Structure formats: C-alpha cells, structure tokens
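Student: So that we are looking at the same thing, I have put the structure below in structure tokens.
The values are calculated or read from the model by the stated rules, or taken from the named source; none is laboratory data. Note that the structure is predicted; figures quoted are calculated from it, not measured. Virtual Cβ from ideal backbone geometry, glycine too; neighbours counted across all protein chains shown.
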Amino acid sequence: MTKVKRPDHIKFGVEELMELVGLFNISADGRKAIRGVLDREPSAPNAFLFRYYNEHSRVVELEKAFAAHMKCRYALGVNSGTSALIAAMVAAGVGPGTEVIVPGYTFFASASAVVVAKGIPVIVEIDESLTLDPAAVERAITPRTKAIVVVHMAGYPARMDALREIADRHNVYLIEDVAQAAGGTYKGRRLGTWGHLGCFSFDAYKVMATGEGGMITTEDEWLYTRAQSYHDTAACWRPDRYGRERKPGELFCGENYRMSEMSGAIGLAQLRRLDGINKGTLRAYNQFRKETVLPAGVRWVEPADPEGLCGYAAALIFDSFELARKAITANIGVGGLAGGGARGARDWHVYWYWEHVLEQKTATQEGCPFKCPHVKKAPEYSPDMCPRTKDIMMRVALVGLSPADTPEYVSQMAAEFTANLAKAIA
Ligand SMILES: Cc1ncc(COP(=O)(O)O)c(C=O)c1O
C-alpha cells in the first residue's frame, strides 16, 4: 500500500483572509504580520497558531514588547479587555462577599467583570475629569473592599497619584481599566502601570486594535501567576505546568482566555504605531482647542494631565442639559459622550442603564453573587445613586479627532465649529 505523506503545510487561503482583514483598520504592517504567521517564513520555521510549545510565538513576542513599551515587569496577552478585567479581579482575590469600587461612567464591562468574578460592584461618582473622584472613592471604602477599578475614559487619564495613595493606605488593589487609553500617561508614567494591575482592550474600536484581544500588566509576580492560571485553566503554566502548587492560591479552575497568534501578530504591528497615533491625535487636539472659540455656556473638560491625554476625543461640558442637547442635535460634529446623556438613548457607558447590576440580574435564579451568604451587607442600587455623575454626563459631549487630521484640516474644522456651535446654542 502506498503511504500517504503527511502534509507539512496547511493552506489557509491567505489572499481571502487578507481581503477580510482589509475590511478592518489594520495597517500594512499588520497585514504583513498576519501573512508572516500564516506563511512559513525563514525567520520562523516552526511558526504555528498556538502560543505555547512555540519558540516563535507572536503572543510571547508581543507580551515582551508590550512590557518594555509600558515599562512594567509582566504583560499577559488575553483574548479581550473583558477577559483582562475578569482575570485581574480573580488575581487580586475578588470573590464572594468582596466589594469592588467602579466609576458610574465606564463601559459596563468594568462592572460586569466584578460580578463575573463573584464580587459586588460599588458604583461611585466621577468628577469633571470624567474619571473617578478620589474623595468619593475614599468615602466608599469599607472593610469588605478588595479593589478599586479606575477607568481612563475616552483617553482622559485619571488622577493616579491620589488614587494609588488611597489604595495603598487602605490596603486594597488598584486595577486600571486602560481599554480606552492605551499609550496614555499620567505625570509621565504610562497608564496601566500606576495600579497593581492594568487591563487593556485591543478590540476593533480601540487605539491599538487587533480585532479582539487584550493585555494585563503588573509588577507583581504573584498577581501575574494567578492571572496566568485563570487565563488558561487547561495549562496553568506557572513555571511548571504539571507541578503541584507552590503555595495556596496558585492552582485553581479558570477559563480559556488565551490570546490567539493572529492577534499577537497584529498587536506587534499595532504597538509600533501606538505612540505615533497618540502623538498625532494629541497634536490635533491641542490645535483644535487653541483655534476654537467657545461661546458662553460651554467650556472644555480639563484633563487631569493634558500631556498624558490620548487626544482622540475633545470633551466639552455645557452649563446645562438643554444647551448640550441643542449642540448634539444640531449635527455640527458634537457627539453625546455618553450617547445616553443629552441624546436620551440607552447606553451601557453610564451606570443608570446598567439594569444587569441595578436590578441584580443573574444567569440563574439563586442570584449569586448578589444574594450569596458571604455578602454581609446587601447592595443597594438605584438610577439616581450617583447624582453628580449623572449631572456631568448629561452635560458632556465630544468632538472626535484623528491622527490623520492635517493642520489645515484642523484649522478649517475649528473655524466651522466655532461658527456652528455659537449658532446652535444661541
Ligand atoms: C472602558 C472599557 N472597559 C472594557 C472594555 C471591554 O473590552 P473588550 O471589548 O475588549 O472586551 C471596553 C470596550 O469597549 C471599554 O471601553
């Protein structure tokens, strides 16, 4: 009988895939990177589509490059920002009976990750920096608090020195949700490295997009080990995959949140563009702010650190909800920052639409974690529990900017915007 030779190369239909990828905003470098994973290349003779048992893993390469870029010790690639948050919660010990502070303005995933990790989200006020109000955080801390989730929304950095000081004084973990601010800084230090854990999203809408993907950053080996155990329960790699645990809390059942090699490859290309993108948007932002004249009744949202801002969104705060609504509905390039705010549409970015949390909805009738016997104080939620956040978000709107906006284009945009806004809210 003739022996059939085992094929040594699977055909992936690279051309079709490239066409598909072209639908998304992937750089030429990103496409080349994907091709590099699919095609055998001399530099990576054993490349294959799994991060482990792979000397040439793009995910591992991305983790190293990301850690070096952000200046932190550990980076762990995962398959989404949501997975990054859940694994970070688990790593930090969030579980039954623990509370986690989350801001009332963030994408809902920051709060749902707490529930998935079996903790209780405690929704807290933001201030006019659009991020957590440190004084409100201080007031919300109880003996049950395990962590604070700070979110750098729309590229606006939070006041990380104050928040880290509070976290350290109360001996709780600070988890940064950097999904909307990759590459941003606060006082010269990268966002995602001020907290005990940083969580990034690389979904298709983000500054650094790989389609789907995410990253966890930390300085702490134990937090890294626990996040790694949770992110790949099949492997629990630690240093020794099949070894017994070195101390309690190292080995437990988890999920499969592994990052794919394709995301790793695209991520490497996107990471090289990250600082350039942020530099471009910040240039456009500064020019737009300088050349736009705001009428009475509206002012700029002042970032906690103007140099660390990503700059793809110029946020405005109106004196009243009525003025914000007039500007947003005039179709002059102002969007509702929380679409739900002045536009009145439902929006998972503002807490008063988080029915899943406010009404303590759960996948099964037992109602855990909200009704878990470990919960010593039953949570109380209401759509009006953070009046300041609601008031701010009903008056905030944004103008989107792109690194591709040339100085000429920004000048024209600023002139038109100045005229249109004055007319819209007159
Ligand atoms: C602030 C924030 N956190 C978390 C996430 C979740 O990220 P992913 O879509 O990668 O799960 C998002 C995504 O929109 C986000 O904006």
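Student: For segment 123-134, how many residues are surrounded by fewer than 21 Cβ atoms within 10 Å (Cβ to Cβ) and under 17 Å from F108 (Cα atoms)?
Tutor: Qualifying residue count, segment 123-134: 0.
Student: Moving to a separate point now. Filter segment 191-213 down to residues that are modelled with pLDDT of 95 or more and on the phi > 0 side of the Ramachandran plot and give me whichever is nearest to the ligand (Cβ to nearest atom).
Tutor: Only one residue tops the list, namely G213.
Student: Suppose we filter E359, E291 for residues that are surrounded by fewer than 17 Cβ atoms within 10 Å (Cβ to Cβ), outside the structural domain of L49 (by TED's automatic domain parsing) and within 23 Å of T106 (Cα to Cα); which single one remains?
Tutor: E359
Student: Any chance you could count how many residues in segment 61-102 are part of a loop (DSSP other than H, G, I, E, B) and among the small types (G, A, S)? Let's see the steps before the verdict.
Tutor: Step one: list which residues in segment 61-102 are part of a loop (DSSP other than H, G, I, E, B), which gives 71-73, 79-80, 93-98.
Adding the requirement that they be among the small types (G, A, S) leaves 80, 93, 95, 97.
The qualifying residues number 4.
Student: Select from segment 214-236 the residues that are surrounded by 16 or more Cβ atoms within 10 Å (Cβ to Cβ) and among the hydrophobic types (A, V, I, L, M, F, W, C) and write down the one among them that is nearest to the ligand (Cβ to nearest atom).
Tutor: Within segment 214-236, the match that is nearest to the ligand (Cβ to nearest atom) is M215.
Student: While we're looking at this one, here's another question. Applying the selection to segment 181-193, what residues are in contact with a Lys or Arg (Cβ under 8 Å, 6 or more places away or on another chain) and crowded, with 24+ Cβ neighbours inside 10 Å?
Tutor: A182, G183, G184, Y186
Student: I've got another one for you. Suppose the filter is surrounded by fewer than 19 Cβ atoms within 10 Å (Cβ to Cβ), away from the ligand (no atom under 15 Å from the Cβ) and at negative phi; does E245 pass it?
Tutor: Numbers: surrounded by fewer than 19 Cβ atoms within 10 Å (Cβ to Cβ): yes; away from the ligand (no atom under 15 Å from the Cβ): yes; at negative phi: yes.
So E245 fits the description; yes.
Student: Go through (1) outside the structural domain of V207 (by TED's automatic domain parsing); (2) modelled with pLDDT under 95; (3) touching a helix residue (DSSP H, G or I) at 6+ places or on another chain (Cβ under 6 Å) and name the single condition G280 misses.
Tutor: (3)
Student: For segment 376-399, give me each residue that is hydrophobic (A, V, I, L, M, F, W, C) and touching a residue at least 24 places away in the same chain (Cβ under 8 Å). Don't jump to the end; show me each part of the working.
Tutor: Let us first name the residues in segment 376-399 that are hydrophobic (A, V, I, L, M, F, W, C), namely 378, 385-386, 392-394, 396-399.
Answer for segment 376-399, where residues must be hydrophobic (A, V, I, L, M, F, W, C) and touching a residue at least 24 places away in the same chain (Cβ under 8 Å): M385, C386, I392, M393, M394, V396, A397, L398, V399.
Condition check ((1) assigned to a loop (DSSP other than H, G, I, E, B); (2) under 22 Å from M413 (Cα atoms)) across all residues:
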| position | (1), (2) |
| --- | --- |
| I317 | no, yes |
| N331 | yes, yes |
| A345 | yes, no |
| T362 | yes, no |
| F370 | yes, no |
| M385 | yes, no |
| R388 | no, no |
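Student: May I ask you to say which residue of V137, V178, V102, V151 is within 16 Å of the ligand (Cβ to nearest atom), farther than 16 Å from C310 by Cβ, surrounded by 24 or more Cβ atoms within 10 Å (Cβ to Cβ) and modelled with pLDDT of 95 or more?
Tutor: Working: V137 fails: within 16 Å of the ligand (Cβ to nearest atom); V178 fails: farther than 16 Å from C310 by Cβ; V151 fails: farther than 16 Å from C310 by Cβ.
Answer to the selection: V102.
Student: Might you let me know whether segment 417-426 holds any residue that is under 30 Å from S112 (Cα atoms), aromatic (F, W, Y) and not assigned by TED's automatic domain parsing to the domain that holds M208?
Tutor: Filtering segment 417-426 for residues under 30 Å from S112 (Cα atoms) gives none.
No, segment 417-426 has no match at all.
Student: Consider segment 394-426. How many of its residues are of a type in the set (V, I, T), assigned to a helix (DSSP H, G or I) and closer than 19 Å to N331 by Cβ? Walk me through how you get there before you give the answer.
Tutor: Initially, segment 394-426 is screened for residues of a type in the set (V, I, T), giving 396, 399, 406, 410, 418, 425.
Among the residues that remain, those that are also assigned to a helix (DSSP H, G or I) are: 410, 418.
Remaining after also requiring closer than 19 Å to N331 by Cβ: 418.
Looking only at that region, the number is 1.
Student: Let me ask something else about it. Kindly provide the set of residues from segment 290-315 that are part of a loop (DSSP other than H, G, I, E, B), within 20 Å of A415 (Cβ to Cβ) and free of Cβ contacts under 8 Å to residues at least 60 places away in the same chain, ordered by number. Walk me through how you get there before you give the answer.
Tutor: Going residue by residue through segment 290-315, those that are part of a loop (DSSP other than H, G, I, E, B) are 292-297, 301-312.
This time we only want the ones that are within 20 Å of A415 (Cβ to Cβ), so: 292-297, 311.
Within segment 290-315, just A296 meets the criteria.
Student: Please go through segment 111-130 and give me each residue that is within 12 Å of the ligand (Cβ to nearest atom), closer than 18 Å to L163 by Cα and out of contact with any helix residue (DSSP H, G or I) (no Cβ under 6 Å at 6 or more places or on another chain), ordered by number.
Tutor: None - no residue of segment 111-130 is within 12 Å of the ligand (Cβ to nearest atom), closer than 18 Å to L163 by Cα and out of contact with any helix residue (DSSP H, G or I) (no Cβ under 6 Å at 6 or more places or on another chain), so the list stays empty.
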